[in-house]
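Reviewing the structure listed below.
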Amino acid sequence: MTAVPAPTVTLGDSFARELPELAVPWRAVEPPEPRLLVLNEPLAAELGLDPEALRSPDGVRFLVGTAVPEGARPVAQAYAGHQFGSFVPRLGDGRALLLGELTDAGGRVRDLHLKGSGPTPFSRGGDGLAAVGPMLREHLVGEAMHALGIPTTRSLAVVATGRPVRRETLLPGAVLARVAAGHLRVGTFQYARATGDVDLLRRLADVAIARHHPAAAEADHPHRALFDAVVAAQADLVARWMLVGFVHGVMNTDNTTVSGETLDYGPCAFVDAVDLDASYSSVDVGGRYRYRNQPAAAEWNLARFAEALLPLLDDDEDRAVVVATESLGGFRARYEAAWAAGMRAKLGLPDGLDDAVAGALADDLLGLLQRNGVDLTSAFRALGAAARGDVDRARHLVLDLAGFDAWAQRWLALAPDADRMDRVNPVYVPRNHLVEEALTAAVGGDLALFRQLLDVVTRPFDERPGLERYAAPGPDTGVPYRTSCGT
Ligand code: AMP
Ligand code: MG
């Protein structure tokens with residue numbers, strides 16, 4: 001193990017220092033044949049990392065965690081979590097490591113974290129590894145979400161390890177290097193609470209405030225303000241997901257961030273034909289995390305967050321419950337407001353339009369799209385064209401022409417702003433069939449389709465000639481699309 005990699009980087013160890021009870025010092029396993037598959041150069045630049053240096057052999061070893069910069073202290077993080085409703089007191093980084101913290105060009109502290117870096121004391125019988133397909137999926141979908149303006153962790157790189165990973169079959173292995181505002185989860189607080197150590201819980205809350213919600217430090221009750229801030233961040237985040245048709249698929253409390261970033265792209269998918277009950281994950285048999293349930297799932301997760309925070313909200317437990325309940329009661333209104341504001345933009349509605357009118361237009365449209373099985377992304381973009389006078393493009397998507405005409409008449413009477421619509425309604429999202437196609441080729445060794453798709457979805461709003469295939473809905477195979485965590 002070399003002490004200093006080619007990219008001489010300073011990695012902070014504040015998490016390990018401030019919360020040693022939640023950090024197990026650990027090292028990544030050495031991949032037999034590391035090979036860089038994809039490097040996020042814009043993100044590298046943001047982090048002050050030299051892409052050339054990262055591409056060098058030592059740079060690649062840095063990206064898989066085996067060349068550790070001097071002073072860095074990689075750790076596996078401890079956390080608990082409710083998985084599909086059941087509490088698991090000890091999850092933690094079973095195949096991941098926090099390498100340390102970087103300060104980006106904007107002065108923000110960012111975590112550099114690895115996934116697939118080998119077993120840790122939290123592996124619970126798992127192999128600690130990750131496969132190329134799911135790691136490339138996280139890179140692709142995360143970058144698409146970022147380009148859509150949705151808070152998310154981001155992939156810096158995916159490195160193939162040369163080590164096969166045993167799943168249903170043998171798959172090529174990979175390590176993902178991921179950057180996040182932070183990796184504090186609701187599950188991190190659940191873990192701290194379960195230790196019974198209120199001092200640890202308080203330090204954790206104070207780290208979360210300093211790192212993610214500094215305004216809370218100024219409040220009369222900083223820990224109550226922290227809870228309010230996380231409720232708001234999650235309400236806003238899930239509203240953003242809903243507006244683009246993103247289905248996370250595994251909204252367990254260990255995948256729910258305190259920062260309000262989207263975390264862990266496993267069995268995620270984008271809805272194509274509008275279906276409020278869309279559910280893709282093969283693991284989520286009951287549809288707990290289906291499209292329409294996401295706001296309720298987030299609210300449920302925040303209730304678990306409140307339970308973990310109770311000792312900090314008030315010395316008296318009954319009063320703490322009252323405080324938490326009141327704060328959590330704000331989730332719905334915050335979510336509805338974020339969704340309504342987003343939907344107004346998607347429909348190009350004028351400011352000052354009555355909420356009830358805007359709400360009815362949105363609900364009626366979604367009902368129409370759902371009944372007619374219309375593709376969500378295509379529909380909103382076609383409505384942008386309609387706002388410019390080309391109504392046929394949208395009209396042709398709908399079977400119920402009379403229904404569409406009646407709706408369009410009400411909407412067009414409000415003179416929707418087409419430019420505003422095109423700034424928020426993507427032409428290109430990582431459509432399920434395109435993602436599958438690109439990943440299948442990439443796993444087979446041909447990254448051309450993956451690179452092309454990455455290029456397309458990272459410029460989602462500008463329609464480009466020649467990319468019609470990427471804007472079109474997938475073939476209707478008659479078979480529901482299924483994703484798996486592919487862990
Ligand atoms: P996820 O559903 O990917 O968010 O992971 C849930 C938990 O399972 C986390 O504690 C992971 O670290 C752990 N885990 C997932 N896959 C593996 C694996 N292959 N080996 C060890 N732990 C894993
Ligand atoms: Mg996870």
Checklist entry - Angle between the Cα long axis of helix 448-457 and the longest principal axis of the chain, 0 to 90 degrees, nearest 10? => result 60 degrees
Checklist entry - Where in segment 77-116 is the amide nitrogen less than 11 Å from a point lying 7 Å along the Cα-to-Cβ axis of Glu18? => result 109
Checklist entry - Tell me, how many Å apart are the Cα centres for segment 107-154 and for segment 246-313? => result 17 Å
Next on the checklist: So for segment 349-416, averaging the separation of alpha carbon pairs under 8 Å that are six or more residues apart and normalising by length, what relative contact order in percent results?
Outcome noted: 37 percent
Checklist outcome for this item: A correct Karplus calculation of ³J(HN,Hα) over segment 425-442, with 6.51 cos²θ - 1.76 cosθ + 1.60, θ = phi - 60°, whole Hz and x for Gly and Pro, returns 9, x, 7, 10, 10, x, 5, 4, 5, 6, 5, 4, 4, 5, 6, 4, 5, 5
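With an 8 Å cut-off on Cα pairs and a minimum separation of 6 or more residues, tell me the relative contact order of the chain in percent. Show your work: numbers first, answer last.
Numbers: 979 pairs, mean separation 68.0, N = 487.
In percent, rounded to a whole number, it is 14.
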Checklist entry - Once amide H atoms are built 1.01 Å from N in the peptide plane, which residues 5 or more positions from Leu37, or in another chain, come under 5 Å H to H? => result Val158, Val159, Ala160
Checklist outcome for this item: If amide H atoms are modeled at 1.01 Å from N in the peptide plane, then the residues at a separation of 5 or more from Asp375, or on another chain, having amide H under 5 Å from its own are Val274
Next on the checklist: Using only Cα atoms and rounding to the nearest 10 degrees, what angle (0 to 90) does helix 317-328 make with the longest principal axis of the chain?
Outcome noted: 40 degrees
Next on the checklist: From the phi angles alone, apply the Karplus equation (6.51, -1.76, 1.60; θ = phi - 60°) to segment 87-99 and give each ³J(HN,Hα) in whole Hz, x where the residue is Gly or Pro.
Outcome noted: 7, 10, x, 9, 9, x, 6, x, 8, 9, 9, 8, 6
Checklist entry - Roughly what angle does helix 294-313 make with the longest principal axis of the chain, taking Cα atoms, 0 to 90 degrees, to the nearest 10? => result 40 degrees
Checklist entry - So, in Å, what gap is there between the alpha-carbon centers of segment 25-50 and segment 416-480? => result 26 Å
Checklist outcome for this item: Of 127-133, 44-50, ordering from highest average Cβ density within 10 Å down gives 127-133, 44-50
Next on the checklist: Can you compute 3J(HN,Hα) from phi for each residue in segment 373-389, using the Karplus curve 6.51 cos²θ - 1.76 cosθ + 1.60 with θ = phi - 60°, rounded to whole Hz and x for Gly and Pro?
Outcome noted: x, 8, 5, 4, 5, 4, 4, 5, 5, 5, 5, x, 5, 4, 5, 8, x
Item to check | Computed E for Phe84/Asp315 - FRET, C-beta separation, R0 45 angstrom, nearest 0.05 | outcome: 0.85
Checklist outcome for this item: Under 5 Å from the placed amide H of Gln83, counting only residues 5+ away or on other chains, we find Val88
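Let me make sure I get this right: for the chain, a, b and c are the square roots of the gyration tensor eigenvalues over alpha carbons, sorted descending. Under 1.5 in a/c it's rounded, otherwise prolate if a/b > b/c, else oblate. Which is it? The partial results should precede the final answer.
Values: a/c = 1.88, a/b = 1.26, b/c = 1.49.
Note, shape of the chain comes out oblate.
Classify segment 401-487 as rounded, prolate or oblate from the Cα gyration tensor: take a ≥ b ≥ c as the square roots of its eigenvalues, call it rounded if a/c is under 1.5, otherwise prolate when a/b beats b/c and oblate if not. Intermediate values should be presented prior to the final figure.
Values: a/c = 3.00, a/b = 1.81, b/c = 1.65.
It comes out prolate by the Cα gyration axes.
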Item to check | Residues listed by number, segment 38-73, amide nitrogen under 15 Å from Ala448 label point at 7 Å toward C-beta | outcome: none
Checklist entry - Under a 1.4 angstrom probe, counting protein chains only, how are Ser123, Ser282 ranked by accessible area, largest first? => result Ser282, Ser123
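The values are calculated or read from the model by the stated rules, or taken from the named source; none is laboratory data. Quick caveat, the model's predicted, so the values are computed rather than measured. Because the Cβ atoms are built from the backbone with ideal geometry, glycine has one as well, and the counts that use them run over all protein chains shown. Each accessible area value is taken on the protein alone, full model and side chains, heavy atoms only, with ligands, DNA and RNA left out. Shrake-Rupley method; radii C 1.70, N 1.55, O 1.52, S 1.80 Å.
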